[in-house]
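Read through the structure below, which is laid out as structure tokens, and then see the notes.
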Amino acid sequence: MHYLRQSISRSSSNLPFSIAILPYRLMFKLIKTISNLKSDQLWLRNSIPLNYWQLGLSDLDISLKTGGGATEALALWDKVKKIKNLSLGGEIQIYSDVQLEMLFRFCNFFEAKRDPFLFKKNEMQGRKPIEFEDLVFLIKMLLSDNGLRRYPDLRKRKWDKMFSLTNRDPIAALNFDAVFAKIFNHPVFLSDLNQDDIRMAFEDYSKATIATQLIVAPNKLIIHSSNLDEIKAVLDRLSPALHRVISVHQRWEIWGLSCMTPLTCNFSKENLSNHIKNQIILANQLDIPAEARKEVIEGFGHLSSYYSSIEF
């Protein structure tokens, strides 16, 4: 399947825009017809509105919005989950009015930019990025880019856009090593961490050191952790700047878990409760400003409250 998608992308590179985009427009029209939602309840985000999509490689990333809270979001997911296959493997996220009012402030500034309609409608452009939000955003993008190693030439449009969003220059000869270096050759990482150790978190997360797991994907570590004392011992050896990076990851988790997605629906209420409990313990262990800690802890409390009315 990957080879087929690569072949389509390469062979169609010279097609006129109106022809290349046609399959996506037809598929999105079908999705809107099936879901029977208005344009302010269902829209595209990511590669198509940001104009870095590629025929064959790109999928349809879809945002949906409902009134009410988690109960209404879950009901909407049950209604539209049949469109998942029509999105060509794209992400589906469901927002609710209560969630946006309560938790949108935790959405990573640059991640919000990947959803231009949501970014503008909720006035995200009025706030400035938090320190290290750009680094965490780029780390998340690198973790999720399964094609960068296999066909780096076809990922250049995506990474040109990601670097543009975070006010960085593009990479001329794009490959995984070049992207990795552009992200992690940063003073905040070079002071305490070994580059080879960080790379291991991308090669085989389970074999990476706890320190690099905390920097690359702390939420993945925390959700499975049974030894928070060991994590505390590692944190004591990391700089306050790296603690702030971890805190920005936590903010990402608050927003990410508040969006009704297939991942969220696969949580049990017990697992979510334990995960939130561990996240709060982690927040209390971080050497960050008191106001930042308070906001993160409140965010996880709001997340728990948001889901309290439903069973999943």
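Going by the structure shown, is K120 under 19 Å from the mean Cα position of the chain (by Cα), of a type in the set (K, R), modelled with pLDDT under 90 and not in a loop (DSSP other than H, G, I, E, B)? Step through it out loud before you land on a result.
Numbers: under 19 Å from the mean Cα position of the chain (by Cα): yes; of a type in the set (K, R): yes; modelled with pLDDT under 90: yes; not in a loop (DSSP other than H, G, I, E, B): yes.
Taking the combined requirement at face value, the residue satisfies it.
Kindly indicate whether L118 is in contact (Cβ under 8 Å) with a residue 12 or more places away in the chain, among the aliphatic types (A, V, I, L, M) and surrounded by fewer than 20 Cβ atoms within 10 Å (Cβ to Cβ).
So L118 does not fit the description; no.
Yes/no matrix, rows are residues, columns are (1) touching a helix residue (DSSP H, G or I) at 6+ places or on another chain (Cβ under 9 Å); (2) under 30 Å from L76 (Cα atoms); (3) of a type in the set (V, I, T); (4) at pLDDT below 95:
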residue	(1), (2), (3), (4)
I223	yes, yes, yes, yes
I231	yes, no, yes, yes
S239	yes, no, no, no
I246	yes, no, yes, no
L263	yes, yes, no, yes
F267	yes, yes, no, yes
K277	yes, yes, no, yes
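Looking at S96, S58, can you tell me which residue is of a type in the set (G, A, S), touching a helix residue (DSSP H, G or I) at 6+ places or on another chain (Cβ under 8 Å), assigned by TED's automatic domain parsing to the domain that holds L15 and free of Cβ contacts under 8 Å to residues at least 60 places away in the same chain?
Numbers: S96 fails: free of Cβ contacts under 8 Å to residues at least 60 places away in the same chain.
Only one candidate qualifies: S58.
If you take the residues in segment 285-312 that are small (G, A, S) and surrounded by fewer than 19 Cβ atoms within 10 Å (Cβ to Cβ), which one is farthest from S96 (Cα to Cα)? Can you show your working first?
Kept after step one, since they are small (G, A, S), are these residues of segment 285-312: 290, 292, 299, 301, 304-305, 308-309.
Next cut, surrounded by fewer than 19 Cβ atoms within 10 Å (Cβ to Cβ) only: 290, 301, 304-305, 308-309.
Working: A290: 30, G301: 17, S304: 15, S305: 14, S308: 15, S309: 14 Å.
Applying the filter and picking the extreme gives A290.
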*Hey, could you check segment 155-173 for residues that are closer than 21 Å to D59 by Cβ and touching a Phe, Trp or Tyr at 6+ places or on another chain (Cβ under 6 Å) and say which is surrounded by the most Cβ atoms within 10 Å (Cβ to Cβ)?*
K158
_Listing of helices (runs of 4 or more DSSP H) fully contained in segment 210-312 that carry 3 or more residues being more than 24 Å from M141 (Cα to Cα), assigned by TED's automatic domain parsing to the domain that holds I198 and without any contact (Cβ under 8 Å) to a residue 60 or more places away in the chain_ = 228-235, 269-285, 290-306
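The values are calculated or read from the model by the stated rules, or taken from the named source; none is laboratory data. Worth saying up front: this structure is predicted, and the values here are computed from it rather than measured. Reconstructed Cβ throughout: ideal geometry from the backbone, glycine too, with neighbour counts over all protein chains shown.
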